[in-house]
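Some notes on the structure that comes next.
The values are calculated or read from the model by the stated rules, or taken from the named source; none is laboratory data. None of these values were measured; they are calculated from a predicted model. With ideal geometry, Cβ positions are generated from the backbone for all residues, glycine too; neighbour counts draw on all protein chains shown.
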């Protein structure tokens with residue numbers, strides 16, 4: 001004779017039946033989604049640990065080795081020193097990207113001062129794989145909330161696609177802050193702060209805040225970037241032949257020799273929208289952005305013979321022309337130029353509804369504010385540039401940039 005089930009078994013069976021009936025009544029059953037894996041890294045961790053919050057890893061490199069698609073690598077607050085850079089060479093997927101982020105908003109500094117080529121000698125070169133504290137040749141990575149300093153580039157991303165770089169601070173590096181190069185598509189740069197980057201090996205002529213250069217690939221977007229006090233340019237699209245969208249961004253103070261570099265050759269433009277030797281055509285877009293106090297130009301085509309869309313930007317107090325598009329067939333609409341060292345230079349480009357189309361003379365008296373303090377100060381809690389009246393015209397509200 002068979003035994004009766006115990007009360008425990010009956011209770012479990014009943015619970016299962018109730019759950020099944022309830023879910024069926026509500027619709028088809030859906031398996032619970034497993035939590036995304038996370039690896040935690042801390043300055044007091046150990047690479048023999050499993051990478052949990054209570055037993056963190058010690059190095060970002062070990063976490064990258066252990067990660068599988070969908071993993072979030074969370075770095076606890078502190079400064080991480082490197083004697084070898086971190087090389088990211090494996091792809092995530094559209095549904096399971098990799099993520100590297102600061103843990104719960106803690107301040108994380110990746111310091112590359114002890115890496116090779118910090119700096120490289122004058123006239124020297126940096127091997128490809130040694131470029132960047134983070135060197136990325138991979139797709140579907142999200143890098144956010146990190147401060148990267150003193151490296152031979154902060155982040156160097158070659159032949160990389162579908163990556164997101166968000167709320168990165170790239171400062172005081174010995175080459176560009178963030179550089180995307182080669183066959184690179186659909187990368188997003190969101191709310192980047194890149195400043196104080198310089199390159200002694202090239203006497204200042206190569207270190208930009210942000211460079212998307214020497215390559216091609218559609219869908220690359222820059223939003224909310226602040227690029228300042230870099231030795232060469234704020235933004236550089238040299239020899240990148242596919243359209244790039246830059247919007248809601250600011251560049252200032254670039255091209256000034258703050259490091260007493262000998263034979264200084266920094267270019268000093270806010271937004272350099274192309275160029276090369278020979279110059280390839282590239283139909284970039286720059287809109288709702290501000291360039292001020294750069295040593296040379298505000299917004300320039302730099303020889304790019306393509307058709308650049310230049311819409312509702314503001315150029316103030318740059319050393320040379322605020323808008324210089326004499327080599328392209330660009331379209332300039334709704335832009336504002338005030339107190340630059342030279343007038344606009346358009347060549348065969350077309351211009352309508354810009355400040356110089358409305359009246360011939362503009363001065364600080366035409367602006368609500370010339371105080372950049374709010375714009376250059378801390379970002380808001382979301383990471384956006386704080387709203388201010390900086391460089392807004394008293395009349396003609398259709399002119400110039402509005403941030404955010």
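Annotations for the structure displayed:
- Search result, residues across segment 383-395 that are assigned to a loop (DSSP other than H, G, I, E, B), surrounded by 12 or more Cβ atoms within 10 Å (Cβ to Cβ) and free of Cβ contacts under 8 Å to residues at least 60 places away in the same chain: 386, 387, 388, 389, 392
- Filter pass, residue 135 being under 19 Å from residue 194 (Cα atoms) and surrounded by 13 or more Cβ atoms within 10 Å (Cβ to Cβ): yes
- Matching option when the condition is at negative phi and either surrounded by fewer than 20 Cβ atoms within 10 Å (Cβ to Cβ) or touching a helix residue (DSSP H, G or I) at 6+ places or on another chain (Cβ under 6 Å) (or both), among 152, 127: 127
- Listing of strands (runs of 3 or more DSSP E) fully contained in segment 1-93 that carry 3 or more residues being in contact with a strand residue (DSSP E or B) (Cβ under 6 Å, 6 or more places away or on another chain), closer than 26 Å to residue 117 by Cα and at pLDDT 95 or above: 78-81, 86-88
- Any hit, segment 273-285, residues being assigned by TED's automatic domain parsing to the domain that holds residue 132, surrounded by 24 or more Cβ atoms within 10 Å (Cβ to Cβ) and in contact (Cβ under 8 Å) with a residue 24 or more places away in the chain: no
- Residue match in segment 100-111 (condition: part of a loop (DSSP other than H, G, I, E, B), assigned by TED's automatic domain parsing to the domain that holds residue 204, closer than 21 Å to residue 166 by Cβ and in contact (Cβ under 8 Å) with a residue 40 or more places away in the chain): yes
- Residue match in segment 371-382 (condition: touching a strand residue (DSSP E or B) at 6+ places or on another chain (Cβ under 7 Å) and exposed (fewer than 15 other Cβ atoms within 10 Å of the Cβ)): yes
- Number of the exception - residue 260 against (1) more than 22 Å from residue 182 (Cα to Cα); (2) surrounded by fewer than 18 Cβ atoms within 10 Å (Cβ to Cβ); (3) in contact (Cβ under 8 Å) with a residue 40 or more places away in the chain: (3)
- Sole residue being under 28 Å from residue 241 (Cβ atoms), crowded, with 20+ Cβ neighbours inside 10 Å and either in contact (Cβ under 8 Å) with a residue 12 or more places away in the chain or over 23 Å from the mean Cα position of the chain (by Cα) (or both), chosen from 328, 352: 328
- Some residue of segment 116-135 being in the same structural domain as residue 244 (by TED's automatic domain parsing), in a loop (DSSP other than H, G, I, E, B), within 22 Å of residue 375 (Cβ to Cβ) and modelled with pLDDT of 95 or more: no
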